[in-house]
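Engineer: Quick one: structure below, then a few questions.
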Amino acid sequence: MPGVMELLPLDQIAFQNMLDTVRRNFERFGFLPIETPAIEFSNILLTKSGGETERQVYFVQSTGSLKQGDEPELALRFDLTVPLARYVAEHEQQLTFPFRRYQMQRVYRGESAQRGRYREFYQCDIDVIGKDQLSVRFDAELPAVIYSIFRELEIGPFCIQINNRKLIRGFFQSLGIADGERQMLVLREVDKLDKRGEQKVRDTLRGEGFALEPAVVDAILAFVGTRSQGHEDALRRLDAIAVDNELAAAGVAELREVLGLVRALGVPETHYALNFSIARGLDYYTGTVYETTLNLHPEIGSICSGGRYEDLASQYTRSRLPGVGISIGATRLFWQLQQAGLAARGRSHVQVLVALMDEANLPLYLELGTQLRLAGINTEVQLETRKLARQFQYADRAGIRFVAVLGSDEIAKGTVAVKDMRRQEQFEVKREDLIKTLRVEIQQGEVMDALSGQAAP
């Protein structure tokens, strides 16, 4: 079906392993899980948040409502942020603040059918929500989470690009671009710099829709072209900003604090940098913003993004609930990694196949399978009669490493023959030693797998 990702089993295992890595790191940093319904009230989802997303909503309507000609009251969520705002407002009295949540669920958007663009996909989000206020220190913690996740995923060198909306908006104000709507349009255009290139952005800003003076466009492009190389260079570039604007000064101060804490959190300076073109398209971002890119595959674009917002839940509660969060579009990321050759296929969860050698001994094979499972070894028992060579072939294609063979000779000797499909070797072990031997072999295989992929990006 177009617009959805369907994977073969070993690829699905690899995708699930990626989700498990993300979840493990979210929990490692103290985030707690929540889930929200796939269906929300339309008026909740269509709260103004800017960008193109709201024009891609799938509405939900019962057949009864269709017959009556009713307007749809329900819609499928298009992200996890708007449902989070509703959730926090609704459960505000029961939550502990700052509220640290992670959420890993499918979302739905009316994307045009094309390679890598999905109508149903997984998003993996974390957010920290404060009550009345939230320290900028939390803005520095999220790059540490990003680094921890992508280091463990081992997908090559990457860089967390950081900016601050206050700085760039204050700079625009100093150039006379103070109108809120016009400023947001310029922000969105600048955010496309790395995708469209400088000349196209220049032409757009000088074109009919913006009509900015050439000197103003030159100043904007010179400013947003800033990219730092290393921690000290980032601080020098902040020192060099000469804009006399209160909002810009606040952005500089926040970036200084964030950069210092990012380094204190153990993120290597090779993995973060200032990028003054990063703005993020959604209107609700107010301070720190992030985008993460792969150094060797810039064509993939951002693999993790997010930022700071001051009051996302204002539509649902009178309380002021500032927050900061990041999102990983897991489905699209996995597809992109596959295309770039960075997503290895997963290994089958089934560790042992018990071969069917003799129909009369099926109860014995079932008993052996049960014993292995009780010992914590994932086991499949062959239930259809076929030649042994075909059973080996089946195990090999299904990614099952070990085949336990219990023929008449093995039964007479009290042994089990074990075929290692990965090494293409066979050994024999006493029946009572089978579990212990398989555990050792499985553990050694896991160690070797870990060592083979040990080079961290």
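Engineer: Arrange 396, 127, 179 by Cβ neighbour counts within 10 Å, fewest through most, would you? Let's see the in-between values first.
Structural biologist: Details: 396 16, 127 26, 179 12.
Fewest to most other Cβ atoms nearby, the residues stand as 179, 396, 127.
Engineer: Sort 210-217, 442-449, 431-438, 78-85 by the packing proxy (mean of other Cβ within 10 Å over each peptide's residues), most packed first.
Structural biologist: Per-residue Cβ counts within 10 Å, averaged per peptide and sorted highest first, yield 78-85, 431-438, 210-217, 442-449.
Engineer: Taking the Cβ of residue 381 as the center, what net charge do the other residues with Cβ under 14 Å away carry, scoring Lys and Arg +1 and Asp and Glu -1?
Structural biologist: -3
Engineer: First select every other residue whose beta carbon is under 13 angstrom from the beta carbon of residue 36; then total the charges, Lys and Arg +1, Asp and Glu -1.
Structural biologist: Its environment carries a net charge of -2.
Engineer: Please give the peptides 263-270, 300-307 ranked by average Cβ packing (other Cβ atoms within 10 Å per residue), highest first, as a rough proxy for protection. List each step's numbers first, then the result.
Structural biologist: Details: 263-270: 14.4, 300-307: 22.2.
Going from most to least packed, we get 300-307, 263-270.
Engineer: Could you tell me the calculated FRET efficiency between residue 318 and residue 349, based on Cβ-Cβ distance and R0 = 60 angstrom, to the nearest 0.05?
Structural biologist: Details: r = 49 Å, r/R0 = 0.82.
Efficiency computed from Cβ-Cβ geometry: 0.75.
Engineer: Compute the distance in nm between two label points, each set 7 Å from the Cα along the Cα-to-Cβ direction, one at residue 232 and one at residue 386.
Structural biologist: If labels sit at residue 232 and residue 386, their model points lie 6.5 nm apart.
Engineer: Follow-up question, since we're still on this one. Given the -39500 (n - 2.57) contribution per DSSP H run of 4+ residues, what per-residue ellipticity at 222 nm results for the chain, rounded to the nearest 500 deg cm²/dmol? Present the calculation step by step, with values, prior to reporting the outcome.
Structural biologist: Numbers: 17 runs with 189 residues, N = 457.
It comes out at -12500 deg cm²/dmol, rounded to the nearest 500.
Engineer: OK, next. Under a Cβ-only charge scheme (Lys and Arg +1, Asp and Glu -1), can you give me the dipole magnitude of the chain about the Cα centre, in debye to the nearest 20?
Structural biologist: 420 debye
Engineer: Can you compute the modelled spin-label distance between residue 70 and residue 375, with each label point 7 Å from Cα toward Cβ, in nm?
Structural biologist: Distance between the two pseudo-spin positions: 5.9 nm.
Engineer: Counting alpha carbon pairs within less than 8 Å and at least 6 residues apart, what relative contact order, in whole percent, applies to region 191-296?
Structural biologist: It comes to 35 percent, rounded to a whole number.
Engineer: Stretch residue 43-residue 59 to full length: gain in nm at 0.36 nm per residue minus the Cα-Cα span?
Structural biologist: Full extension of this stretch gives 4.6 nm more.
Engineer: Modelled label-to-label distance, residue 181 and residue 218, 7 Å Cα→beta-carbon offset: nm?
Structural biologist: Placing both labels 7 Å beyond Cα along the Cβ direction yields 3.1 nm.
Engineer: Over all Cα pairs of the chain, how is the pair count split among 20 Å bins, expressed in % and running from 0 up to the last occupied bin?
Structural biologist: 21, 44, 25, 9, 1
Engineer: Write out the trypsin sites (Lys or Arg not before Pro) in region 309-381 meeting two conditions: DSSP loop, and at most 15 other Cβ atoms within 10 Å of their Cβ.
Structural biologist: 318, 320, 345
Engineer: Quick one: check the C-alpha center-to-center distance for region 252-325 versus region 155-177, whole angstrom.
Structural biologist: 9 Å
Engineer: Fewest first, what order do 167, 274 take by the number of other Cβ atoms within 10 Å?
Structural biologist: Working: 167 27, 274 21.
Listed from fewest to most nearby Cβ atoms, that is 274, 167.
Engineer: Within 10 Å of each candidate Cβ there may be at most 11 other Cβ atoms; applying that plus a DSSP loop requirement, which trypsin sites (Lys or Arg not before Pro) in region 53-136 survive?
Structural biologist: Sites meeting the loop and neighbour criteria: 115.
Engineer: Also: Report, in order of residue number, the helices in the chain meeting two criteria: a C-alpha extent of 24 Å or more along the helix axis, and a mean Kyte-Doolittle hydropathy of at least 0.5; treat each whole DSSP H run as one helix.
Structural biologist: Within the chain the helices that satisfy the rule are 246-264.
Engineer: Then there is this: Tally Lys and Arg at +1 and Asp and Glu at -1 over the other residues with C-beta under 11 Å from the C-beta of residue 170: what net charge comes out?
Structural biologist: Every neighbour counted, the sum reads +1.
Engineer: Which of the lysines could a cross-linker span from residue 166 if the Cα-Cα distance has to be under 22 Å and same-chain partners fewer than 8 positions apart are dropped?
Structural biologist: Leaving aside lysines fewer than 8 places away in the same chain, those within reach of residue 166 are 48, 131, 192.
Values in this text are rule-based calculations from the coordinates and carry no lab data. If you're wondering where the values come from, they're calculated on a predicted model, not measured in any experiment. Every residue, glycine as well, gets a Cβ built from its backbone with ideal geometry; the counts of neighbours run over all protein chains shown.
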